[in-house]
Amino acid sequence: MTSLARRHDGLHTTDSSRTFANAYNQAGDKYLSYADGDPERLFAFSGRYAYGDRQIWTLLDEKLRALFISGAQTVRILDLGCGPGTWLRRVVTRARELGFRHIFARGIDIAEDQVRRARELSASLSRCRGVELRFEVEDICKRLPEADASVDLCLCLYGVLNHLPANDLPPVLSEIRRVTRGDFITTVR
């Protein structure tokens, strides 16, 4: 192993992770409007990736509805590479509309500025009864603190996995498999 990587529970972080964090930190609010459109209009889907976003949303909505119809009162959601938190805010908002009584949602991203923005944009949603919504600075190449088979819906959108070197994918995907009991939805190029 080179000095570029350091081990942590079988997973590791490389200098490339820091490079991506710096790039997304520098992008700041420009990334929010570029990727997700108007942060105040969560379901407008009118931005640059509108068609793809509508397709992803249709799938996510179907998964949430199916879980609720099955009798679940609680939903646990994990968003890996959450950026400014738009997708997680959409899912939490919809879960509340459907009537889930307990919503536990955690978004992680390696870019501190994106996490800060996600926290700001989700402040009012985080205060809703029955909602525990957190955003944290974390690297998806490290072991996730979630318990085995504890996540109902795991997201990793906008090609986050494309940023990882190929040899990092097997341990990262293994970790995702470990924590996910429900569905894993990702987009890759």
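Screening I69 with (1) over 15 Å from the mean Cα position of the chain (by Cα); (2) at pLDDT below 95; (3) of a type in the set (V, I, T) gives one miss only, at (2).
Return the total of residues in region 36-47 being touching a helix residue (DSSP H, G or I) at 6+ places or on another chain (Cβ under 6 Å), assigned to a loop (DSSP other than H, G, I, E, B) and touching a residue at least 40 places away in the same chain (Cβ under 8 Å). Residues flagged as touching a helix residue (DSSP H, G or I) at 6+ places or on another chain (Cβ under 6 Å), assigned to a loop (DSSP other than H, G, I, E, B) and touching a residue at least 40 places away in the same chain (Cβ under 8 Å) within region 36-47 amount to 2.
Tally time: how many residues in region 163-189 are assigned to a helix (DSSP H, G or I) and open to solvent by less than 60 Å² (accessible area, probe 1.4 Å)? Spell out how you get there, then give the answer.
The initial filter retains those residues of region 163-189 that are assigned to a helix (DSSP H, G or I), namely 163, 166-179.
Retained after the next criterion (residues that are open to solvent by less than 60 Å² (accessible area, probe 1.4 Å)): 163, 168-169, 171-172, 174-176, 178-179.
Of the residues in that region, 10 qualify.
Contact map, region 100-111: first residue more than 11 Å from I140 (Cα to Cα), second residue surrounded by fewer than 21 Cβ atoms within 10 Å (Cβ to Cβ) and of a type in the set (A, V, I, L, M, F, W, C), Cβ cut-off under 6 Å, separation 6 or more or different chains; pairs are I103/V131; A111/A21.
The values are calculated or read from the model by the stated rules, or taken from the named source; none is laboratory data. All values reported here derive from a predicted model rather than from experimental measurement. Here Cβ is always computed from backbone atoms with ideal geometry, including for glycine, and neighbour counts include all displayed protein chains. In case anyone asks, the SASA skips ligands and DNA or RNA and just uses the protein heavy atoms, side chains included. Shrake-Rupley method; radii C 1.70, N 1.55, O 1.52, S 1.80 Å.
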